[in-house]
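Read through the structure below, which is laid out as structure tokens, and then see the notes.
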Amino acid sequence: MTTVIAFILMFGLLVSIHEWGHLIFAKRAGMLVREFAIGFGPKILSFTKNETLYTIRLIPAGGYVRVAGDDPEIVELKPGHHIALDFNRDGKVSKIIVNNKSKHPNARTIEVEKVDLDHKLYIEGYELDDEEIKLHFDVDPKAMFIVDEQETQIAPFDRQFASKTVGQRAMQLFAGPMMNFVLAIFIFLLMGMIQGVPVEEAQMGEVQPESPAEEAGLQENDVITQIGDQSVSTWDQFTDIVRENPDEELDLVISRGDTEEELTVVPAEVETVDDKGDPIHIGQIGVTPAYEKNILGTLAFGFETTYETSKLILNNLVMLVTGQLSIDVLSGPVGIYDATDQVVQSGFTNFLMWTAMLSINLGIINLVPLPALDGGRLMFVGLEAVRGKPIAPEKEGVFHFVGFALLMLLMIVVTWNDIQRLFL
């Protein structure tokens with residue numbers, strides 16, 4: 001149950017912060033945001049605030065922000081349509097009732113002759129029993145379509161995604177991944193404030209019980225200064241040597257307070273995988289680095305760890321694209337849940353680290369120029385900036401549709417691999 005709660009909170013945070021970035025910059029640009037959704041599929045919970053429908057949906061596989069103009073509007077009025085109109089106090093049309101007009105006896109029914117709900121915002125037509133006098137009605141910019149008793153706000157062109165500048169559209173698309181990086185930096189800063197930041201030198205932190213380090217006599221705050229004939233000045237140097245020498249005796253020179261001592265440790269052999277996903281054996285002795293707390297160190301830790309994690313994920317992504325890594329190393333929701341279960345059992349700070357790494361991963365993956373992802377849409381905005389005119393919406397739509405179908409196929413394959421790994 002702890003893992004389930006942790007996974008739900010982590011998933012909700014990562015998706016919410018991503019979509020919140022899209023939402024905020026869409027609204028800042030004056031776009032009409034129709035829906036802010038966490039998850040896909042049937043609605044579990046929903047409410048409307050400031051023109052936007054907020055929903056939590058059943059399938060925890062992502063989320064979306066639906067902006068007016070992103071997809072074709074459902075309602076299109078044409079000459080000859082019979083509609084009913086309701087008006088606000090200023091005499092402008094506030095409700096356009098498309099069907100079930102009998103449920104609105106106070107509305108005015110007309111036959112449409114001309115309509116413009118994109119730019120000039122008007123409807124012209126005739127009373128059903130009097131076709132001699134043409135009627136003209138101004139439409140409120142926030143008027144509602146009512147279809148099957150469901151309200152949908154109209155979207156004048158200046159509220160649509162396509163009406164905004166290249167810069168505004170690019171920023172709205174980039175804001176989601178950007179917020180994932182901001183979240184990661186915040187989490188690393190929080191970790192730095194809670195536990196401190198690792199010291200640069202090879203100073204021992206916690207020594208695990210019954211570990212090779214404890215058996216060798218290592219204690220908290222011991223500083224490794226030499227291994228064999230090689231001097232050691234940093235934690236990374238120390239761990240590299242240990243990893244490279246499983247089941248081999250290592251002669252250590254340590255500084256303990258004002259004294260210097262010599263100890264011998266034999267790293268335990270542990271199986272893991274390398275950057276290519278191949279199994280390898282490394283040495284471990286069962287210690288963590290020492291931590292210290294200072295403001296500048298915490299700030300540096302937040303940004304540097306985000307940068308280093310981003311480099312690692314990008315490197316793995318390049319290796320995957322170039323075929324140096326197999327598709328088997330990818331994980332979907334099932335695999336992430338299984339990994340989260342292991343991380344939760346190892347402690348809260350490890351869970352925070354895992355959440356930050358997933359946030360960075362989500363940000364990077366969404367910036368890849370693939371169809372249906374933010375990066376794919378940013379690519380089209382970039383092409384428009386270079387060409388001086390947008391790509392035909394039909395062509396872009398086909399590109400994203402085909403790409404989305406391929407991504408769903410990839411998700412199925414990855415999920416199947418995750419399930420198989422659970423039973424191996």
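The values are calculated or read from the model by the stated rules, or taken from the named source; none is laboratory data. Please read these numbers as outputs of a predicted model, since none were measured by experiment. Counting neighbours? That spans all protein chains shown, and the Cβs are built from the backbone with ideal geometry, glycine included. Only protein heavy atoms, including side chains, enter the accessible area calculation; ligands, DNA and RNA are left aside. Shrake-Rupley method; radii C 1.70, N 1.55, O 1.52, S 1.80 Å.
Rounded to the nearest 10 degrees, what's the angle between the helix 333-346 long axis and the longest principal axis of the chain, both from Cα atoms, 0 to 90?
Helix 333-346 sits at roughly 40 degrees to that axis.
Which number comes out as Rg/Rh for region 80-205 once both Rg and the Kirkwood Rh are worked out on C-alpha atoms?
Radius of gyration relative to Kirkwood radius: 1.40.
Between the helical axis of 295-321 and the dominant principal axis of the chain, each derived from Cα atoms, what acute angle in degrees is found, rounded to the nearest 10?
With both axes taken from Cα atoms, the answer is about 80 degrees.
Just to make sure I understand: if all protein chains stay in place, what is the order of Ser359, Ser46 by accessible area at 1.4 Å, largest first?
If we order Ser359, Ser46 from most to least accessible, we get Ser46, Ser359.
How do Met191, Met144 stack up against each other in accessible area, from largest to smallest, with a 1.4 angstrom probe?
Met144, Met191
Got the relative contact order for the chain handy, in percent, Cα pairs under 8 Å and 6 or more residues apart?
Contact order relative to length: 13 percent.
Report the accessible area of Tyr126, computed with a 1.4 Å probe over the heavy atoms of all protein chains in place, in Å² rounded to the nearest 10.
Its heavy atoms expose roughly 50 Å² to the probe.
Taking the Cα centre of region 187-344 as the origin, how large is its charge dipole in debye, to the nearest 20, when only Lys and Arg (+1) and Asp and Glu (-1) carry charge on their Cβ atoms?
940
Can you tell me how region 268-424 classifies by the Cα gyration tensor, rounded, prolate or oblate, using a/c under 1.5 as the rounded cut?
oblate
Defining a contact as two alpha carbons under 8 Å apart and six or more residues distant in sequence, what relative contact order in percent does region 1-116 show?
19
To the nearest 20 debye, what charge dipole does the chain have about its Cα centre, counting +1 at the Cβ of each Lys and Arg and -1 at the Cβ of each Asp and Glu?
Computed charge dipole of the chain: roughly 2900 debye.
Between helix 166-195 and the chain, what is the angle of the helix's C-alpha long axis to the longest principal axis, kept within 0 to 90° and rounded to the nearest 10?
It works out to around 30 degrees.
Which one of Phe186, Phe145, Ser94 is farthest out on the positive end of the charge dipole of region 90-200, using unit charges on Cβ (Lys, Arg +1; Asp, Glu -1) and the Cα centre as origin?
The one lying farthest along the dipole's positive direction is Phe186.
Please name which of Ser346, Gly323, Gly205 has its Cα lying farthest along the dipole of the chain towards the positive end, using unit charges on Cβ (Lys, Arg +1; Asp, Glu -1) and the Cα centre as origin.
Gly323
Using Cα-Cα distances under 8 Å and only pairs 6 or more residues apart, what relative contact order does region 86-225 have, in percent?
16
Which of (1) 29.1, 95; (2) 29.6, 107; (3) 22.5, 74 is the computed Rg and Dmax of the Cα atoms in Å for the structure on display?
(2)
If I ignore ligands, DNA and RNA and count only protein heavy atoms, how much of Ser231 is accessible to a 1.4 Å probe, in Å² to the nearest 10?
80
Which value, in Å² rounded to 10, gives the accessible area of His81 with a 1.4 Å probe and all protein chains present?
Using a 1.4 Å probe on the heavy atoms, I get roughly 70 Å².
Give or take rounding to whole Å, what are the principal axis extents of the alpha carbon atoms in region 174-292, in descending order?
Principal-axis extents of region 174-292 (Cα, largest first): 54, 39, 27 Å.
Report the label-to-label distance for Leu135 and Glu384 in nanometres (one decimal), using points 7 Å from each Cα along the Cα→Cβ vector.
3.8
For Thr298, Thr109, give me the order by solvent-accessible area with a 1.4 Å probe, most accessible first, ignoring ligands, DNA and RNA.
Thr109, Thr298
Could you state the number of Å between the C-alpha centres of region 338-388 and region 1-58?
The distance from the Cα centre of region 1-58 to that of region 338-388 comes to 16 Å.
Kirkwood hydrodynamic radius for region 1-62: how many Å is it when counted over pairs of different Cα atoms?
One over the average 1/r among Cα pairs gives 12.4 Å for region 1-62.
Per the Kirkwood definition applied to all pairs of different Cα atoms, how many angstroms is the hydrodynamic radius of region 21-102?
Its Kirkwood hydrodynamic radius stands at 15.2 Å.
Given 37 °C and 0.692 mPa s, compute D for region 1-139 with the Stokes-Einstein relation, Rh being the Kirkwood radius over Cα pairs; round to the nearest whole µm²/s.
Translational diffusion coefficient: 182 µm²/s.
If you bin the C-alpha pair distances of region 135-208 every 5 Å from 0, what whole percents do you get?
3, 10, 9, 10, 10, 9, 9, 8, 6, 6, 5, 4, 4, 3, 1, 1, 0
Which whole-angstrom value gives the distance between the alpha carbon centres of region 186-206 and region 95-166?
60
For labels at Ser326 and Asp148 in the simple 7 Å Cα→Cβ model, what's the distance in nm?
Result: 4.7 nm between the two label points.
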